[in-house]
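Student: Below you'll find the structure I mean.
Bear in mind that the values in this text are calculations on the coordinates, not laboratory data. Just so you know, these numbers come straight off a predicted model, no measurement behind them. Here Cβ is always computed from backbone atoms with ideal geometry, including for glycine, and neighbour counts include all displayed protein chains.
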Amino acid sequence: MTEREGFLDRGDGERLAWKALDGDGPTIVWLGGYRSDMAGSKAEALAAAAGERGWSFLRFDYFAHGRSSGRWEDATIGRWRADALAVVDELTEGPLLLVGSSMGGWMACLTALARPERVRAMVLIAPAPDFTDLLMRPKLEPEALRELEQNGVWMAPSFERPPYALTRRFLDEGGDHNVLTGRVAISCPVRILQGQRDVDVPWEHALMLANQLESEDVELTLVKAGDHRLSGEADLARLVRTVAALRQGR
């Protein structure tokens, strides 16, 4: 199969980088995590599986991620939600199988809520819905909170990367898109893969989501030694098996 790639014009001077494989549906759409891009190991593993098995597959970089344009300081959860909807509306047709990692799990939920008639199933890896309020803000030290309150921005440390700008607007706007405020009106089959040694998204967070989904067809797989990335060889094989089984209605 031949991989196509290009840029989706967002109409405001920004554009999103994307790659696609044309094959049998439903189209698998990869939704990456916070500060990740579409060249990560899980996206690559799914692309390889799609190419070998003839699956339709699409991946992209959000605004200010990877090869897409945009200033990081201008990014918000709402902007990334709009990006995800633009990509599925303009670059895909027919039923979708969403695969979301970390923040991508939040984006998958928001996409499924906005396009319930198209989303047939979801695979979520360490899903982090509502992470701005429930996971990020509670970990901020008093000094960081003061910086955000006084200056609107704080330079957040990042493991093995330079510090990055975390804005008060980003945190505040994230709350506008929370889904774990009650029952989550998603009724399609959902499979959740979660490491129990994940220090970024605790396994209890995935369990909360599983319990609040309206769907009765929800399975949560806990990987005892798994970290947040779940990108080891066995983890990637498990991801591909899970996607393949859902495509076959299992």
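Student: For region 20-172, with only Lys/Arg (+1) and Asp/Glu (-1) charged at the beta-carbon, what is the dipole magnitude about the Cα centre, in debye rounded to 20?
Tutor: Here the size comes out at about 140 debye.
Student: Continuing with this model, one more query. Just from its helices, what would the mean residue ellipticity at 222 nm be for the chain, if runs of 4 or more DSSP H residues each count -39500 (n - 2.57) and the sum is divided by every residue, rounded to the nearest 500 deg cm²/dmol?
Tutor: Estimated from H runs of four or more residues: -10000 deg cm²/dmol.
Student: Then there is this: Quick check: the distance between the Cα centres of region 178-213 and region 19-95, to the nearest angstrom?
Tutor: After rounding, the separation between the Cα centres reads 21 Å.
Student: While we're looking at this one, here's another question. Using a simple spin-label model with points 7 Å from Cα along the Cα→Cβ vector, what separation in nm is obtained for residue 149 and residue 178?
Tutor: Spacing of the two 7 Å Cα→Cβ label points: 1.9 nm.
Student: Mind checking the full-extension length gain between residue 214 and residue 165? Use 0.36 nm per residue of separation minus the Cα-Cα distance, one decimal, nm.
Tutor: Gain on extension, residue 214 to residue 165, equals 14.0 nm.
Student: How about region 1-64: which trypsin sites (Lys or Arg not before Pro) there are in a DSSP loop, with at most 11 other Cβ atoms within 10 Å of their Cβ?
Tutor: Sparse-neighbourhood loop trypsin sites (Lys or Arg not before Pro): none present.
Student: OK, next. Indicate, rounded to the nearest 5 percent, the antiparallel portion of the DSSP beta bridges found entirely in the chain.
Tutor: 40 percent
Student: While we're on this one: Nearest 10 degrees is fine. How inclined is helix 41-53 to the longest principal axis of the chain, computing both from alpha carbons?
Tutor: Rounded to the nearest ten degrees, it is 10.
Student: Let me know the longest stretch in the chain that avoids all GluC sites (Glu not before Pro) found in a DSSP loop with at most 10 other C-beta atoms within 10 Å.
Tutor: 1-116
Student: Which angle from 0 to 90°, rounded to the nearest 10, does the C-alpha axis of helix 233-247 make with the longest principal axis of the chain?
Tutor: 60 degrees
Student: Can I ask one more? Which net charge results for the neighbourhood of residue 86, defined as the other residues with beta-carbon distances under 12 angstrom from its beta-carbon, given Lys and Arg at +1 and Asp and Glu at -1?
Tutor: So the surrounding residues net to -1.
Student: So, one more: Helix 77-91 against the longest principal axis of the chain: what's the angle in degrees, Cα atoms only, rounded to the nearest 10?
Tutor: So the helix axis and the longest Cα principal axis differ by about 20 degrees.
Student: Any idea what the relative contact order of the chain is, in percent, if you count C-alpha pairs under 8 Å spaced at least 6 apart?
Tutor: 16 percent
Student: For residue 221 and residue 156, compute 0.36 nm times the residue count separating them, minus their Cα-Cα distance, and round to one decimal in nm.
Tutor: Length gained, residue 221 through residue 156: 20.3 nm.
Student: May I ask for log10 I(q)/I(0) of region 187-250 at q = 0.28 Å⁻¹, from a Debye sum over the Cα atoms as equal point scatterers with solvent left out?
Tutor: Listed by q, the Debye log ratios stand at -1.20.
Student: Place +1 on the Cβ of every Lys and Arg and -1 on the Cβ of every Asp and Glu in the chain, take the dipole about the Cα centre, and give the residue among 108, 171, 121 whose Cα lies farthest towards its positive end.
Tutor: Of 108, 171, 121, it is 121.
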